[in-house]
Structures are given as C-alpha cells and as structure tokens.
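The values are calculated or read from the model by the stated rules, or taken from the named source; none is laboratory data. Keep in mind that this is a model prediction, so the values were computed, not measured. Cβ sites come from the backbone with ideal geometry, for glycine too, and all protein chains shown count toward neighbours. Side chains are part of the model used for accessible areas, which takes the heavy atoms of the whole protein and leaves out ligands, DNA and RNA. Shrake-Rupley method; radii C 1.70, N 1.55, O 1.52, S 1.80 Å.
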Amino acid sequence: METDITEKIKPIIRYSLPIILIIAALLVFGIFKWNEAKAVLNISDAKLTSSLVHVSAQSDGTLTEILVNDGDKVEAGQVIAKVKVITTPEQIEALQKACDEAQANYDNIEQQIKSSTTTTQTVVSSAPSSGNIAAAQARVDAAAAQAEKMSKLYSIGAVSATQYTEAQSEYSAAQAALSAASAPQQVTREVQTPTAPSKELSEALASAQVQLEQAQAALNQAQSDDNYADITAPVSGIIYLTDFKQGDNLKQNDVFINIGNTKNLWVEAPLTEEQYNKVHPGQFVHYTVDDLDLTGTVLEVTHADDSDNNLITAAKISFPDDMIDKVTPGADVTVQITLDK
C-alpha cells in the first residue's frame, strides 16, 4: 500500500525555504561587504620615477663636447661632457696673488733655515707668539675645510681644476704659515759653522715648495688656451639632455644636463580628487613595470598646484631596491591599490 507523504513534507518546505533565502541573502551581503572592504583602485598611467640630479656649470665657459645621448645610462664618475673654462681677469689676479704669497712664504722659510744652520756662541730663544699661532691655526682650519669641500666637488666634476688647485694651494700655504708661526724665534751670534736644519723647518720648506708649485701650476693653467674641464656624472642614472648644445656658451649655475638617479626610484601614480580621498600611506599596492610583477606600499600622497595652478594629486609608491638594476626610469606602470576601508 502506497503512503502519501505530501502532507508530511509541506511543513518542511514551508519553513526551510525562508531559511534558505535568508542564508543566501546573508552570503550575498557578506560578499558585497568583503568586496567593498577590499576594493581595488586601478591606475594605468603611473610612471616609474627617479630623483633628478642637476649638472650645472660652476663658472662661465663653452660647452665643447657632450659625450652622452638622451636616455643613456651612465655610471657615477663617468665623463659626460667637456667645458672650456673662461678665466676672468679677477680670477687670474687672485691666482697671481696666491702665487706671490707662496713664493714669499717659501723665501721666508728658506731664509730661516739659512739663519738656523750656524753654530752660535749665545742663543736666546723666545716662545712663539700665541696670537700668531692662533691666527695661523684658524687659517689652517678654514683652508682645510675649503680644500675638502673642493676635493669632493672636483671628484664629481662640479668645479674646475683651477678652483681645486687653488684650494689645495691655500691649504698648503696655511700649513706652512702655521709651522713658521710655531717655530721658536732665535737671536744668535754667528760663528759661520754649518749645521743641519731642524726637522720642523725642513718639513715646512718642503710643504712651502709644494704649495708654490701648485700655485704656479694653477696660474699657468688659467693663463693657457687649453683650460678644459671634464664634467663627470655625480650619480649613476639616466641622461636627460636640456636645450644646451655643443658650442653653446654657459653661465655659472646653468643646468645643461639632468640625470635621473637610478639608485632612488619610486612609482608615481596620478590621482583624481575622488581617488585622493581614498588613498593614504600604508596601503598595499600591486603593480606591473617592464613585465615585472611587483608589490609595494603607498609612501605618501601629494596634493599641490602645478605651474598653471591646476590641482595635481599623486601617490608615491615604494619600489624594491633589489629590482633597481632591472628597470628604466620613466617606464609605464600599471597600478592596483588595495583600498582598505
């Protein structure tokens, strides 16, 4: 005998259907809220950006050679241009004065050595003047600081050989002057018996000779027609040429080449005003550049006016240091920023 179960399952159907609908609604709502919480902002016109280092003229001159092309990759210290330095009459006069002072200092120490290389019946020694020593030491300190600064600038091609040599010459002259100021003063009755000069005076004379030779070399270089300076890249990076061309005259501080520093890269993603309000530092970012899939975080969000007073907003996104050598600044980047709400 067949049993009719219709009446038995009607209550089950009646109560289970609403439960199923409620569960489905909860699932849909949960998925919606999860997607909303993990919304992704897609930006297709981002750029791989680098800090820009300016290469400028340190003095007036002529840009005789540009040894790189726009977009070339260069290494720090690589010669990228040559400049014929124009030496002004004022610079020549200053170098001539430095040369004359170096010669006078050398002659003075040489005379001290001649005076000290005689045996005497009576020697009266007097302590050197503390005021003279203090002044001489101050000159040495100032010259040392300037020489170190010019040495660093010369190593990156930021100053000419003339300026570098002049600074080194002043430092040598200051050292010699300090040695001379520190040497004891002697009053003697000469017996005309030659003796060896003191170690201090011998060292002072050697230093004075170096200073004199450097000052003379700097003067000769400035007065010659072959006063060229090699301009080297201060950092490794990508060359961005300006409007200056070979043969153009340069004024001091004219920027004639820019270098995108490949050791300092980040992704810059433009934002609309609406996107600006959703992006903040610390958000996770996935992006693609030169066929590389990379991740990073939002470092900062900028909000400023451009030269035409248009409001510009952008997100600065971190770039991994170990990938720096595998990409090129200026490359297009596709960005996905996870907007945690």
> With each label point set 7 Å from Cα along the Cα-Cβ vector, what nm distance links I156 and H54?
Replying inline: 1.4 nm
> If r is the Cβ-Cβ distance from K84 to E300 and R0 is 51 Å, what FRET efficiency results, to the nearest 0.05?
Replying inline: 0.70
>> On a 20 Å Cα-Cα criterion, which of the cross-link pairs K278/K316; K278/K326; K152/K326; K82/K245; K73/K326 come out too long?
In response: K278/K326; K152/K326
> Highest mean first, what order results for 245-257, 162-174, 327-339 on Cβ atoms within 10 Å?
Replying inline: 162-174, 327-339, 245-257
> Per the 1.4 Å probe, what fraction of the accessible area of the range 238-341, in percent, lies on carbon and sulfur atoms?
Replying inline: 44 percent
> Could the peptides 209-216, 58-65 be put in order, highest first, of the mean number of other beta-carbon atoms found within 10 Å of their residues?
Replying inline: 209-216, 58-65
> In the neighborhood of P89, defined by Cβ-to-Cβ distances under 15 Å, what is the net charge if each Lys or Arg adds +1 and each Asp or Glu adds -1?
Replying inline: -2
>> With θ taken as phi - 60° and the coefficients 6.51, -1.76 and 1.60, list the Karplus ³J(HN,Hα) couplings across the range 231-244 in order, rounded to whole Hz; mark glycine and proline as x.
In response: 9, 10, 6, x, 9, 6, x, 9, 7, 10, 6, 9, 7, 6
>> Could you derive backbone 3J(HN,Hα) for the range 146-163 from the dihedral phi with the Karplus parameters 6.51, -1.76 and 1.60 (θ = phi - 60°), listing whole Hz in sequence and x where the residue is Gly or Pro?
In response: 5, 5, 5, 4, 5, 4, 5, 5, 5, 5, 9, x, 7, 9, 7, 4, 4, 5
> Which whole-number value in Å² is the accessible area per residue of the range 66-108, probe 1.4 Å?
Replying inline: 57 Å²
